[in-house]
1. Report yes if some residue within segment B:159-174 is in a helix (DSSP H, G or I), charged (D, E, K, R) and within 13 Å of chain A (Cβ to nearest Cβ); otherwise report no.
2. Regarding segment B:132-148, can at least one residue be identified that is within 13 Å of the chain's Cα centre (by Cα), crowded, with 17+ Cβ neighbours inside 10 Å, more than 12 Å from chain A (Cβ to nearest Cβ) and part of a helix (DSSP H, G or I)?
3. Consider B:Leu115 carefully, then state whether it is facing another protein chain (nearest Cβ under 10 Å) and at pLDDT 95 or above.
4. What are the pairs, 6+ residues apart or on separate chains, where a residue within segment B:81-106 that is in a strand (DSSP E or B) has its Cβ under 6 Å from a residue that is among the β-branched types (Val, Ile, Thr)?
5. What is the one condition in (1) assigned to a helix (DSSP H, G or I); (2) in contact with a helix residue (DSSP H, G or I) (Cβ under 8 Å, 6 or more places away or on another chain); (3) within 13 Å of chain B (Cβ to nearest Cβ); (4) in contact (Cβ under 8 Å) with a residue 24 or more places away in the chain that A:Lys190 does not satisfy?
6. For segment A:13-45, give me each residue that is at pLDDT 95 or above, part of a loop (DSSP other than H, G, I, E, B) and surrounded by fewer than 19 Cβ atoms within 10 Å (Cβ to Cβ).
7. Please work out which residue is modelled with the lowest pLDDT, limiting yourself to segment B:1-12 and to residues that are part of a loop (DSSP other than H, G, I, E, B) and either surrounded by 24 or more Cβ atoms within 10 Å (Cβ to Cβ) or out of contact with any strand residue (DSSP E or B) (no Cβ under 6 Å at 6 or more places or on another chain) (or both).
8. Hey, could you check segment A:175-187 for residues that are under 17 Å from the mean Cα position of the chain (by Cα) and more than 9 Å from chain B (Cβ to nearest Cβ) and say which is surrounded by the most Cβ atoms within 10 Å (Cβ to Cβ)?
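The values are calculated or read from the model by the stated rules, or taken from the named source; none is laboratory data. None of these values were measured; they are calculated from a predicted model. Counting neighbours? That spans all protein chains shown, and the Cβs are built from the backbone with ideal geometry, glycine included.
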Number of protein chains: 2
Amino acid sequence: MAVKIITISRQFGSGGRTTGKQLAKDLGFDYYDREIIDRVAGETGFSKEYVAANSEYAPGKSIFSYSFEAAGTPGIMNGMTTTDYLYSIQRKKILEIANSGKNSIIVGRCADYILREFDDVLNVFIYADLEFRKNRVVATYGESNTKPEKRVIDKDKKRAANYKHYTDREWGMPNNYDICLNSGYLGIDKCVEIIKEIALNR
Amino acid sequence: MAVKIITISRQFGSGGRTTGKQLAKDLGFDYYDREIIDRVAGETGFSKEYVAANSEYAPGKSIFSYSFEAAGTPGIMNGMTTTDYLYSIQRKKILEIANSGKNSIIVGRCADYILREFDDVLNVFIYADLEFRKNRVVATYGESNTKPEKRVIDKDKKRAANYKHYTDREWGMPNNYDICLNSGYLGIDKCVEIIKEIALNR
C-alpha cells in the first residue's frame, strides 16, 4: 500500500513545516499548510488573518470568551460557534484533498485524526527539546516582546487544546502517529530522509 | 558522535524486546534486559523471580502496601524500601554497563532517564495499537486467564507508574526519546532497520 498522504503534526519550532516542504519537493507531493487557510477563507468569506488566528487555536481562547461566543450572536455561524464552523470547513477541505487522489502533505490541523479511516496515510509527529525550539523560533520568526520559551509553550498548549477539543485525543501522544521524530537530535535532513524512505518503500 | 548505547522503552506487546535482540545481533552490541535482573539478584541476594516482579513495577503495588512496607520492617533494606533499594542497585548496574565502554542495548528499566547525561546514547520508544499488541502478547506469551487487552493495559500502567515514580517524567511521551516507532504500522524489521541506520551513521 503506497503512501499517498503524509500528515505532519509538530511542536512549535521543531521544524515540522520545513520538513514537510522539503518532503513535498523531494517526493513531488502537493503541500498544504497555509494553503488550507486560503481555501477556508475563500469558502467562508473570513479574512485569511482571521482564519489563521482561529482555525488551529480555537479553544486556546479563554473559556469565558468561548462561552460568550456560543451565547451571543457574533460568534454564531449556521448554528455553530465560529470556531466550530471554521473547523468544519477546514475538515471538509482536508477530506477533499485526500479524496482528490493527488499525493499530498498536510501540516497540522488535526489531519491525522480527520483522515483516520484512510489506509494510505502516514502520520508523522515532529518534536524537539525546548532549547532547540527556542533557538529555532527566534532564528525563523525573529525576536518578539514575548520570551521564546513562552512563545513555544503557549503555542503548543493551544495546539493541544484545539486537538483535544476536536478529536478527544491527547496531542503529541505517540499512538496517534506512525512515527515520531526528534528533529533536535536527528536533524531536519535526517527526518526528511527517514520519512521519505518509509513513504517510498511502503 | 557514534552511538554506543541504545535504550529501548516499549509498550507491552509492541515487540520492543524482539527489536532490541535483533539490533544487538545485527550491530554486534551486548544485550541487556533480564540480564540486569540476574546482576541485581546476584548483588542483593533476592531471587531472580522477586527482582523481576519488583524491579520494573515497583509502585504498581497498591499505595497501601507500599506505605506499609515503608512503615514496617520487612520492606526496609539499608534504610530504603525494598523497591527503592532494588531501583538503586538496578541504576548502579545500568551505569556500570554504560561506563564499561562496551556497545550495549538496554531494554526498559528507566535506562533512558538514568543515562540522560551520556552523549552517545540513542533513546528509542517502540509502541503499537492495542489490536497489534493484544495479538502479539497471546502469540508470544500464550493465553492466560486474564483477557489480552487487560494484560496489555495493566502492564503499561505499571510501567508508567514506575517510570513516573523514579524519573518524575511521563512514560511514553515523545520528548523523552530520540525516536518513537509504531511497530504495528512499520513492522519490527523496519523498526530495526531505521534504528540501525541511525546508530551506524551518527
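1. Checking segment B:159-174: not a single residue is in a helix (DSSP H, G or I), charged (D, E, K, R) and within 13 Å of chain A (Cβ to nearest Cβ).
2. No, segment B:132-148 contains no residue that is within 13 Å of the chain's Cα centre (by Cα), crowded, with 17+ Cβ neighbours inside 10 Å, more than 12 Å from chain A (Cβ to nearest Cβ) and part of a helix (DSSP H, G or I).
3. no
4. Listed by first residue and then by second, the contacts come to B:Ser104/B:Ile5; B:Ser104/B:Ile97; B:Ile105/B:Ile6; B:Ile106/B:Thr7.
5. Of the numbered conditions (1) assigned to a helix (DSSP H, G or I); (2) in contact with a helix residue (DSSP H, G or I) (Cβ under 8 Å, 6 or more places away or on another chain); (3) within 13 Å of chain B (Cβ to nearest Cβ); (4) in contact (Cβ under 8 Å) with a residue 24 or more places away in the chain, the odd one out for A:Lys190 is (4).
6. Residue satisfying the conditions is A:Gly28 alone.
7. The qualifying residue modelled with the lowest pLDDT is B:Met1.
8. Per the criteria, the residue is A:Ser183.
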